[in-house]
């Protein structure tokens, strides 16, 4: 959105249509991130709704120091991080790390394995499972950095903006996370040759 200032001004005055015009283009990406952060579509949906309500209540105080989408994304990430710290046993899901897209049906499942030798599909599943476990072991902030950098393909500067961190802090979190992932994944990779 090139110039969101008029919409933002209307949203600050309580215009819900203007607010939704600002929020709607961001909902899919925010939902996707929340699913990956929480590992649960239901919890992600709850957090997404919570984030919309928080943004709606706080839009009057938003001064436009960043884009609305960045501000809204940060609200959602903070909600996910708070939920994670409240409940430490949350699983992680990552679309690019999944063997199949989340909306794949049974026919897709059968066809995806039709051309893959059974041993290869078992190895891929085991690698995927090990990676999922490794991601789950990361602290929430590091997991958020990894997902935004790799999954969303965002540059470090934008990850920093969305997480309200410095670029240096984001790079440090990313480096620490990749070192942990390498250490956890090393036995799995070595056994696969």
Original post:
Do you know which of the residues in the stretch 151-160 that are modelled with pLDDT of 85 or more and assigned to a helix (DSSP H, G or I) is surrounded by the fewest Cβ atoms within 10 Å (Cβ to Cβ)?
Top reply: 157
Original post:
For the stretch 161-176, how many residues meet the condition of being in a helix (DSSP H, G or I) and modelled with pLDDT under 90?
Top reply: 3
**OP:** Output the residues belonging to the stretch 18-39 that are at pLDDT 90 or above and under 19 Å from residue 139 (Cα atoms).
**Re:** none
**OP:** Find all pairs meeting these conditions: Cβ atoms under 9 angstrom apart; at least six residues apart or on different chains; first residue within the stretch 35-57 and closer than 13 Å to residue 19 by Cβ; second residue not in a helix (DSSP H, G or I).
**Re:** 55/62
Original post:
Do we find a residue being closer than 30 Å to residue 134 by Cβ and outside the structural domain of residue 139 (by TED's automatic domain parsing) anywhere in the stretch 4-27?
Top reply: yes
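This table checks each residue for (1) touching a strand residue (DSSP E or B) at 6+ places or on another chain (Cβ under 8 Å); (2) at pLDDT 90 or above; (3) surrounded by fewer than 13 Cβ atoms within 10 Å (Cβ to Cβ).
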{"residue": "41", "(1), (2), (3)": "no, no, no"}
{"residue": "51", "(1), (2), (3)": "no, yes, no"}
{"residue": "57", "(1), (2), (3)": "no, yes, yes"}
{"residue": "63", "(1), (2), (3)": "no, no, yes"}
{"residue": "86", "(1), (2), (3)": "no, no, yes"}
{"residue": "94", "(1), (2), (3)": "no, no, no"}
{"residue": "99", "(1), (2), (3)": "no, no, no"}
{"residue": "110", "(1), (2), (3)": "no, no, yes"}
Subject >> Condition check for residue 190: part of a helix (DSSP H, G or I), surrounded by fewer than 18 Cβ atoms within 10 Å (Cβ to Cβ) and at pLDDT 70 or above >> reply: no
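The values are calculated or read from the model by the stated rules, or taken from the named source; none is laboratory data. A quick note: this is a predicted structure, and the numbers were derived from the prediction, not measured. Cβ coordinates were reconstructed from backbone atoms using ideal geometry, including for glycine residues, and neighbour counts include every protein chain displayed.
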